[in-house]
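One structure is given below, encoded as structure tokens.
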Amino acid sequence: MESTEGVLAEVGPRLRRLRQERSVTLTALAEATGISVSTLSRLESGKRRPSLELLLPLAKAHQVPLDELVGAPEVGDPRIRPRPQRMHDMTVLPLTRRPGGMQAFKMIVPERRRTPEPQSHEGYDWLYVLNGRLRLHLAGRELVLEPGEAAEFDTRLPHWFSGAGGPVEILSLFGPQGERLHLRARPRRS
């Protein structure tokens, strides 16, 4: 990783190169920024340390981001490339990467034609139907959720789910026992 001194040493030559590429004189740049010609000259030669109050008007005058003047590293690719996993007969795509706490998954659940086999375990689950219909057995009750509908429940209650009439695509937020998702239906009033 480059030192602060090394980064600052590159600012002067970068300012000079930028000004010369645009065929701007020191005098014209001084008028546009309100920075004296001697200060600009010292900045470009490295005899004056760049500061934010000098770099901001220069970035504006050259119409470039401040990052370009200081040679900030490029931001890495922000995309997350999760890999689908098979869990029993489901396709599960983890959407969170940190262990513990609330976990998010996108799941594709096939239609299961067998007799429901409810299971229970520690935790709390929130399911949202994206596509298809979800058949949910929860504590002896059967529900069918349509796209846009959600259900939340304590997973210590016996539960089982399946696609209804074909596969179903759901978003699942699962948290440890006692950790629930809190949704506000409307914004708070000021």
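The values are calculated or read from the model by the stated rules, or taken from the named source; none is laboratory data. What you see is a predicted model; the values in this text were computed from it and never measured. Backbone-built Cβ (ideal geometry, glycine too); neighbour counts: all protein chains shown. The protein model used for the area step is the full one, side chains on, heavy atoms only, and it has no ligands, DNA or RNA in it. Shrake-Rupley method; radii C 1.70, N 1.55, O 1.52, S 1.80 Å.
Give the number of residues within region 97-114 that are in a loop (DSSP other than H, G, I, E, B), closer than 14 Å to Phe161 by Cα and open to solvent by 50 Å² or more (accessible area, probe 1.4 Å).
From region 97-114, those in a loop (DSSP other than H, G, I, E, B) are 97-102, 110, 112-114; that's our starting set.
Right, trim to closer than 14 Å to Phe161 by Cα and you get 110, 112-114.
Okay, now just the ones that are also open to solvent by 50 Å² or more (accessible area, probe 1.4 Å), so 113-114.
Residues in region 97-114 being in a loop (DSSP other than H, G, I, E, B), closer than 14 Å to Phe161 by Cα and open to solvent by 50 Å² or more (accessible area, probe 1.4 Å): 2 in total.
So which residues in region 146-157 are touching a strand residue (DSSP E or B) at 6+ places or on another chain (Cβ under 8 Å), at pLDDT below 95 and open to solvent by 50 Å² or more (accessible area, probe 1.4 Å), if there are any at all?
Once the filter is applied, which keeps residues that are touching a strand residue (DSSP E or B) at 6+ places or on another chain (Cβ under 8 Å), at pLDDT below 95 and open to solvent by 50 Å² or more (accessible area, probe 1.4 Å), region 146-157 yields Glu152, Leu157.
Kindly indicate which of Pro94, Pro118 is surrounded by fewer than 17 Cβ atoms within 10 Å (Cβ to Cβ) and under 21 Å from the mean Cα position of the chain (by Cα). Give the steps one after another, and end with the answer.
Numbers: Pro118 fails: under 21 Å from the mean Cα position of the chain (by Cα).
Unique residue meeting the criteria: Pro94.
Using beta carbons and a limit of 9 Å, which pairs, at least six apart or on different chains, have the first residue in region 152-166 and at positive phi and the second one open to solvent by less than 20 Å² (accessible area, probe 1.4 Å) and modelled with pLDDT of 95 or more?
Going by the 9 Å Cβ cut-off, there are no qualifying pairs.
Can you name the residue in region 9-33 that is over 39 Å from the mean Cα position of the chain (by Cα) and outside any helix (DSSP H, G or I) and, of all such residues, is surrounded by the fewest Cβ atoms within 10 Å (Cβ to Cβ)?
Of everything passing the filter in region 9-33, Ser23 is surrounded by the fewest Cβ atoms within 10 Å (Cβ to Cβ).
Please work out which residue is modelled with the lowest pLDDT, limiting yourself to region 174-190 and to residues that are closer than 19 Å to Val92 by Cα and open to solvent by 30 Å² or more (accessible area, probe 1.4 Å).
Taking region 174-190 as the starting set, the residues that turn out to be closer than 19 Å to Val92 by Cα are 174-176.
If we keep only those that are open to solvent by 30 Å² or more (accessible area, probe 1.4 Å) too, we end up with 174, 176.
Working: Phe174: 86, Pro176: 75.
Filtering region 174-190 for residues that are closer than 19 Å to Val92 by Cα and open to solvent by 30 Å² or more (accessible area, probe 1.4 Å), the one modelled with the lowest pLDDT comes out as Pro176.
Considering each of Leu134, Leu54, Leu66, Leu93 in turn, give the residue that is of a type outside the set (D, E, K, R), at pLDDT 90 or above and under 30 Å from Glu10 (Cα atoms).
Values: Leu134 fails: under 30 Å from Glu10 (Cα atoms); Leu66 fails: at pLDDT 90 or above; Leu93 fails: under 30 Å from Glu10 (Cα atoms).
Just one listed residue meets the conditions, Leu54.
State the number of residues belonging to region 138-174 that are under 29 Å from the mean Cα position of the chain (by Cα), assigned to a strand (DSSP E or B) and of a type in the set (Val, Ile, Thr).
First pass over region 138-174, keeping only residues under 29 Å from the mean Cα position of the chain (by Cα): 145-155, 167-174.
In the following step, the residues that additionally are assigned to a strand (DSSP E or B) were identified as 145, 150-154, 168-174.
Now drop any that are not of a type in the set (Val, Ile, Thr), which leaves 168, 170.
Matching residues across region 138-174 total 2.
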